[in-house]
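Structure first, commentary second.
The values are calculated or read from the model by the stated rules, or taken from the named source; none is laboratory data. Given the structure is predicted, the values throughout are model-derived calculations rather than measurements. Heads up, the Cβs are rebuilt from the backbone with ideal geometry, glycines too, and the neighbour counts pull from every protein chain shown. Note: accessible area is taken over every heavy atom of the protein model, side chains too, but ligands, DNA and RNA are not part of it. Shrake-Rupley method; radii C 1.70, N 1.55, O 1.52, S 1.80 Å.
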Amino acid sequence: MGRGGVYPRPLITRCKRHPKEKSLSQVKENRTRGEIRPVLAQRYADGWGVGAKRGRLQPSASPPFAATRRQVSVEKPMSQYPERLILNVGPQHPSTHGVLRVVVELEGEVVVRCTPDIGYLHRGIEKLMEARTYQQCLPLTDRIDYLAGSANNLGFVLAVEKLLGVEVPPRARYIRVIIAEMTRIASHLFWLGTHAHDLGAMTPLFYAFREREQLMDLFEAVAGGRLFPCYFRIGGLARDLPDGWTTEVREFCRTFPDKMKDYETLLTRNPIWIRRTRDVGVLTVDEVLDYGLSGPVARGSGIAWDVRRADPYCGYEEFDFVVPVGQNGDTYDRYLVRLEEMRQSCRIIEQALDRLPEGDIAVDDPTITYPKKTDVYTRIESLIQHFLLVEEGIRVPEGEVFHHTEAPKGELAFFIVSDGTSRPFRVRARTPSFVNLQVLSKLAEGRLLADLIALIGTIDIVLADVDR
Amino acid sequence: MSRPGETRLWVEEVLEGLPADAVLERGVFRDQWWAVVPRDRLLEVMKELRDRWGFRYLSDVTAVDYLPKRPRFQLVYHVWCHEKSALLRVKTWAEGDPPGVPSLTPLWSAAGWLEREVYDLFGIHFQGHPDLRRILLPPDWEGHPLRKDYPTEGPDWDLD
């Protein structure tokens, strides 16, 4: 039997050492010899008590988070605060979810000023796109938010299709919805696991990644890639679904709500989780609008704005789903909103599977989609068509469009300016993480350093999405 | 919920409601309205759009470099109205050397980082921005990569 079972652990870890207890090992020895009681009695007599009942923490005289409300003037120069400490969090720190560097000015444990420093993962995707044909741009979009590759693909192909003025066949549309919602679940699961892990809960990470792995396997089966599926193409899909794939997705949707109960039993009513998240990072409606926040961050504050509902694309208006909103706008509410979104995504997938029609998976337009491979080998017209599409690309009419979609992290928009050639003149990717991250310094200032970690998690950023 | 047709009509109403000399040019493409406003009227127009017409959400700030043209930089703003589910694209030309436009930070805090990014990648100065620094590139970077005269391979590219 391990030693962990012998000693009542909370007492050892939470107490200061009493003068009579010479060392921690001696405390342990005393306890194994049954001499624990006199020492404990002495503790209480001297006012050192740690709890009336074993294993339960006694509320301390001052609430532990009282310090967080302390007002510190940001305007005063540093020299007036000789005790201030400048701390670099990141760029290589596990709880910054990537290469985010935050320069934190601390007074004790209170954050006085917080300056995020981004750009470590800037790859110049917008510039690269200007030198590529529209099809070649598509694999770059996966890399914008690598936790939700298909969601980025979807945003880009829809923007190009809007420029072209084409609509994909119903089967392709439904499959896109299924994959996009699976991506949303996968992204939220990753968020859940890492966010809980940052705040000290180890178990949800393993549970969340277990389900995420199932989704990754399903992506792999359909597209060949796990993080970067690149399964959507301009004008449709790369290929049809493999046999038996829908059955597996159905099975996932059947079991997933039960799995979610596992996460909820671990976190939703967990007192530590509640204390770390409730009233942390409160955002009012006005602040949300002022900072241009979108996605679950905005919905946590009670703004029922979801692009899928407000400006439907891919036929989202045909599906029955709820847009969950929070009340307090704190980290806990955003947690609840994202959990509910996963359930709703599951419902959307089930509805799409029920109605999944047969038919084409891409528009039948030789200037947009590739011919069948068998035709390329046997028919000269198809060979020429294939050659032209690869060599010259898709000619897109002159104009500019802005198309936004509801990515897992918020509003993802592509603004494309076309000059009538097969390469975009300018592509702008408005990514949710970049805009949402801006509010971090506002939320963190005046709070504990430990809350900063909770806040980075609750905004749900991916640094690839921030830096592009 | 309003449908695309109704929304388009409503945005047209909004554009009619703006001061006539504040809209230089306007048009609609793929159901999306756009309007070009003079640079010195930008703040006034955006304030009216936000306060009177309910475009309270600044979705995006970006720029496009039309190199041989003069002026060459066009600033593109996208605003969204939650109540009407309507999108409007407001554009303006950046003039001067260095090119500059008024900053939208007095109206939206969201403009802070979005304008810093445009400054970083295009070199456009936003007058009145409280903290105009590079954001994505290192502070000592030379040049502005999204300009059309900046090579994709980078300034030091040499085939040898």
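Some notes on this structure:
- Annotation for the range B:59-134: GluC sites (Glu not before Pro) lying in DSSP loop with at most 16 further Cβ atoms inside 10 Å of their Cβ are B:E83.
- Beta-bridge orientation, the protein assembly as shown: approximately 90 percent antiparallel, per DSSP, counting only bridges with both partners inside.
- Solvent-accessible area buried by pairing A with B, both sides, nearest 100 square angstrom, 1.4 angstrom probe: 3900
- Straightening the chain between A:T374 and A:Q92 buys 96.6 nm, computed as 0.36 nm per residue apart minus the Cα-Cα spacing.
- Peptide A:400-406 shows a mean partner chain C-beta count of 5 within 10 Å per residue C-beta.
- Nearest-20 debye value, the protein assembly as shown charge dipole, Cβ charges on Lys, Arg, Asp, Glu: 3320
- Heavy-atom accessible area with a 1.4 Å probe sorts A:M342, A:M202, largest first, into A:M202, A:M342.
- Where labels lie 7 Å past Cα in the beta-carbon direction, separation of A:E318 and A:E264 in nm: 3.0
- Positive minus negative residues near A:L455 (Lys, Arg vs Asp, Glu; Cβ under 14 Å): -3
- Across peptide A:424-437, the mean count of Cβ atoms from other chains lying within 10 Å of each residue's own Cβ comes to 3.
- Partner chain coverage, peptide B:120-127 - average Cβ within 10 angstrom: 1
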